[in-house]
Amino acid sequence: AEYMGRTYHVICAMSTAEDLKAKGNAAFSAKKFEEAIDFFTKAIELDPKNHVLFSNRSASMASLGRYHQALEDADQVIKLQPTWPRGYSRKGAALQGLGRLSDAISCFKTGLTHEPSNEALKESLKQVEQQLEEKEGGMGADFLLPGLKDPNLLAKLLVNPNTSAFMQQPDFVEKVKEIQRNPQSFSKHLQDERMMSVLQVLLEGSGMFNKDGEGASAAPEREAPQPTPPKPTPAPTQQPKAEPEPKKADPWTEEEKALLEKKEKSKALKEEGNSLYKRKAFDEALAKYDAAIDLDPTEMSLYLNKAAVFLETNQCDKCVELSRQAVEIGRKEKTDFKNVAKAFLRMGNAYYKQQKWDEAIEAYTASLTEAPSDEATKKCKECKKLKKEAEDKAYLDDGKALEAKELGNENFRQAKYVEALKNYEESIRRNPHSAAVYANIAACYGKLGEFPRAVEYCDKCLALDPKYVKALTRKAGFQVYLKEFHKALESYNHALEIDPENAEALDGRARTYMSMNSDEGSQERAKHAMADPEIQAILMDPVMQNVLNDFQTNPAAAQQHLRNPDVAAKLQKLIASGVVQTR
């Protein structure tokens, strides 16, 4: 926009890479992978050196089965951060999805050379090695590929008596769909007993097993046809008795049934514990969770729920211990990354309550590495801020602040202004409420010719002590050097309101008027003043526009305007700044 021959530019706010990353994480958590990819891509455009952005986009690509693109992003992660274990985890997962199991094993092993204790890489390596072994043994997912790619697979499972009940369970259906999208993931879900029934259906369809459960090769060979014997005289007909239908083979062993029963009882106890927890009956809830763990010690959520009880009752050390157990069990049982992230988050919350900021930051960072979340991001930032505040508070010491100030004064007297600055800044760290030290810092910046910084520290001094006359006169002097005469006059006048006889303020104001009346540098001064928001606001004021117009076309009317104190003060500022000149 242009006004009075001067062009003004409007700068639009833009999203930062961190903002876009946070939005991508939220979309990923909501399983909106396309949206997540879009946000991470835009963030990468703003910050192409951020390895975490490529890592998150790789995870999003893999979630959609786009393993080639996931692999490209994972390679970029390793290129940017060669020692980060998560990069090798991403690349290995992409290679596994592409069926390149040997390459995936090699990748996971390389990652472990950088962090030998990384449990996620160890578990991934173990899983892929097992998958490769099954494949080479003839029982890999490739053998089942035709059945898994059958578009009618879900319908077959729905009508099959061994799997029809499972089709009412959303998590089971989701797992089957995932296996259809990526057959190599079948072995990952074999720990789910329901998948054994799916395997039976697939093997029946492949012809490897007949419906009675015996191998097809075990079917008896046909005997050679025999001569037909003469038909005997029919005996009196009797209604034949109907043969009872053979009972279908039970797909579950007794051991499996017992395990399933324990899991169901454990689940029921967990629900009872949750209900007690909500009623804040924490001791009773703990008893229920312990009984559930006795029945099913591999269920990670039970340990997390116990940790929640200890967090509520301020038993933070126990909360941390249970959260660590949850992480170990979750990784051992190949639980979803989000659940492991939740365990680290709970651990971080316990450390947060104890004000153990370093441990809390480490736990929150581990949570974000497992699965991004807004809560962990927010808590981690908050901990870093609180840690700095705690460190600053612990650093406070009035005695050492005074020592640093005296050293700064000595350096200043010797014209060692850089060394003086260091000592004054140390004094401020020890005691941030000393107005005099801020004024001394301003003096140092003035001696070094950094007048804007000098004005800034004068303002900090005056924020602590508004009647510090020395800071006002010092600030006015710096403003004169910057040719901001209108501001210098304000500072001198303010000083004289506090101390009407102050010689430095009186002399400074007189010299400022002399500088204003000089033509030297008037154009440069006016140009500089036009960048001042206060001057811009005066020029944009419709009343002042009217006044300035009257000075040019109707001087008598202009004199009437000057009776208004507000108008007169604004006009004086324009004259002092050089924007309006008098002849």
Practice task
Go through the range 285-309 and count every residue that is over 33 Å from the mean Cα position of the chain (by Cα) and not in a helix (DSSP H, G or I).
Solution key: 1
Practice task
May I ask you to list pairs of residues, at least six apart or on different chains, whose Cβ atoms are under 7 Å apart, with the first in the range 411-424 being farther than 14 Å from Gly446 by Cα and the second being of a type in the set (Val, Ile, Thr) and open to solvent by less than 40 Å² (accessible area, probe 1.4 Å)?
Solution key: Tyr424/Val437; Tyr424/Ile441
Exercise for the section: Would you confirm whether any residue within the range 383-395 is of a type in the set (Asp, Glu), part of a helix (DSSP H, G or I), farther than 30 Å from Ser55 by Cα and in contact (Cβ under 8 Å) with a residue 24 or more places away in the chain? Expected result: yes
Practice task
Being open to solvent by less than 50 Å² (accessible area, probe 1.4 Å) and free of Cβ contacts under 8 Å to residues at least 24 places away in the same chain is the filter; apply it to the range 73-97 and report the residue that is nearest to Leu112 (Cα to Cα).
Solution key: Ile78
Exercise for the section: State whether one or more residues within the range 467-484 are closer than 28 Å to Glu497 by Cβ, in contact with an Asp or Glu (Cβ under 8 Å, 6 or more places away or on another chain) and of a type in the set (Ser, Thr, Tyr). Expected result: yes
Fill in the blank from the handout: The correct count of residues that are open to solvent by 80 Å² or more (accessible area, probe 1.4 Å) and among the hydrophobic types (A, V, I, L, M, F, W, C) in the range 260-269 is 1
Exercise for the section: Out of Gly449, Gly508, report the one residue that is assigned to a helix (DSSP H, G or I) and either aromatic (Phe, Trp, Tyr) or over 25 Å from Glu403 (Cβ atoms) (or both). Expected result: Gly508
Problem - Only listed residue being in contact (Cβ under 8 Å) with a residue 40 or more places away in the chain and either under 16 Å from the mean Cα position of the chain (by Cα) or open to solvent by less than 80 Å² (accessible area, probe 1.4 Å) (or both), chosen from Thr335, Thr377 - result: Thr377
Practice task
Take the range 384-397 and flag every residue that is aliphatic (A, V, I, L, M) and surrounded by 13 or more Cβ atoms within 10 Å (Cβ to Cβ).
Solution key: Leu386, Leu396
Practice task
Kindly provide the set of residues from the range 531-568 that are open to solvent by 40 Å² or more (accessible area, probe 1.4 Å), part of a helix (DSSP H, G or I) and charged (D, E, K, R), ordered by number.
Solution key: Glu534, Asp566
Problem - Qualifying positions in the range 270-283 - part of a helix (DSSP H, G or I) and exposed (fewer than 14 other Cβ atoms within 10 Å of the Cβ) - result: Glu271, Ser275, Lys278, Asp283
Completion exercise
Residues of the range 360-372 being open to solvent by less than 30 Å² (accessible area, probe 1.4 Å) and within 15 Å of Val52 (Cα to Cα), in sequence order, are Ala366, Ser367, Glu370, Ala371, Pro372
Exercise for the section: Output the residues belonging to the range 340-379 that are acidic (Asp, Glu) and closer than 20 Å to Ala27 by Cα. Expected result: Glu370, Asp374, Glu375
Practice task
Considering every residue within the range 391-398, establish whether at least one is among the hydroxyl-bearing types (Ser, Thr, Tyr) and under 30 Å from Ser187 (Cα atoms).
Solution key: no
Practice task
Give Lys400, Lys405 a once-over and let me know the one that is open to solvent by 90 Å² or more (accessible area, probe 1.4 Å) and closer than 27 Å to Lys422 by Cβ.
Solution key: Lys400
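The values are calculated or read from the model by the stated rules, or taken from the named source; none is laboratory data. Quick caveat: nothing in here was measured; it's all calculated off a predicted structure. Every residue, glycine among them, receives a Cβ derived from its backbone with ideal geometry; neighbour counts consider all protein chains shown. SASA here: full protein model, heavy atoms, side chains in, ligands and nucleic acids out. Shrake-Rupley method; radii C 1.70, N 1.55, O 1.52, S 1.80 Å.
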